[in-house]
Structure formats: C-alpha cells, structure tokens
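Bear in mind that the values in this text are calculations on the coordinates, not laboratory data. None of these values were measured; they are calculated from a predicted model. Virtual Cβ from ideal backbone geometry, glycine too; neighbours counted across all protein chains shown.
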Amino acid sequence: MTKQEFENKCIQFSIKINKLRKYLREEQHEYNNSDQIQRSGTSIGANYCEACDAESTADFIHKLCIVQKEAHETIYWLKVLYGSELIKKEQYDELLGDANELYRTITNSLRSKKSKIANDK
C-alpha cells in the first residue's frame, strides 16, 4: 500500500469516526466515550501525516509508534462502545475491520523499517 493510499484510508476512517461521534451524541446522548473515540480515531491519520514529514528515521519510527498506539486505543474504544450496547453490530464490525486494517498496516511498516535499520548496521 502506498503512502497516499494509506493516508486516504486514514481520512475515510476519520470521517466514519466523526459520523460515529455525531450519532453517539445525538442518538445515544453519549458524550465521554464519543469524545474519546473521536480523539484517538482521527489522530491516526494526523499522526501519520506527521510521520511522513519526520526529521529523521528515528523520528519517523517514533511517530509511527504513536500511530500504532492510537489505532490500538481506537480498537479498545470500539469494543467498549459495542459492549455497552451504544453501537450496533454492523457499525462495530465495519469500524473494527477498518481499525484493525490500519493497525496491521502500521505494525507491518514498523517491523519492516526496524528490520531494515537492523540489517543496515
């Protein structure tokens, strides 16, 4: 997957998360969890953009680790929302699938970059 493709996936995911937040606030009158998932879910793409402009390889890896953490946190909040019966199974399945894909992609990128650094030494 190219950088542009991944960034586009992050943008689409952020849009879905923003729509989820709106649904949670307007339909479920849920504010705390909706704010949490909105912060973590939309920061995946924002932090990825920062990683793409990293000042060094170490900075790039550090920022990708933040992206990975935000994706993992988003997966956590999706599980909480579903377990609390605040989102439907269809919403959960779609968003969880997207979040897992983002998480796996970043995890693979990190492994690859760290391996390349180790091999270059």
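Scanning region 21-54 for residues that are loosely packed, with under 14 Cβ neighbours inside 10 Å and among the polar types (S, T, N, Q) yields a single hit, ASN32.
Scanning region 37-66 for residues that are of a type in the set (Ser, Thr, Tyr) and not in a helix (DSSP H, G or I) turns up just one, SER56.
The set of residues from region 55-93 being loosely packed, with under 14 Cβ neighbours inside 10 Å, small (Gly, Ala, Ser) and within 22 Å of LYS3 (Cα to Cα) comprises SER56, ALA58. Restricting GLY41, GLY45 to residues that are within 19 Å of LYS16 (Cβ to Cβ) and free of Cβ contacts under 8 Å to residues at least 40 places away in the same chain narrows the list to GLY45.
Here's the yes/no breakdown for (1) charged (D, E, K, R); (2) free of Cβ contacts under 8 Å to residues at least 40 places away in the same chain; (3) more than 30 Å from ASP120 (Cα to Cα); (4) not in a helix (DSSP H, G or I):
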| position | (1), (2), (3), (4) |
| --- | --- |
| ILE75 | no, yes, yes, no |
| LEU81 | no, no, yes, no |
| GLN91 | no, no, yes, no |
| THR107 | no, yes, no, no |
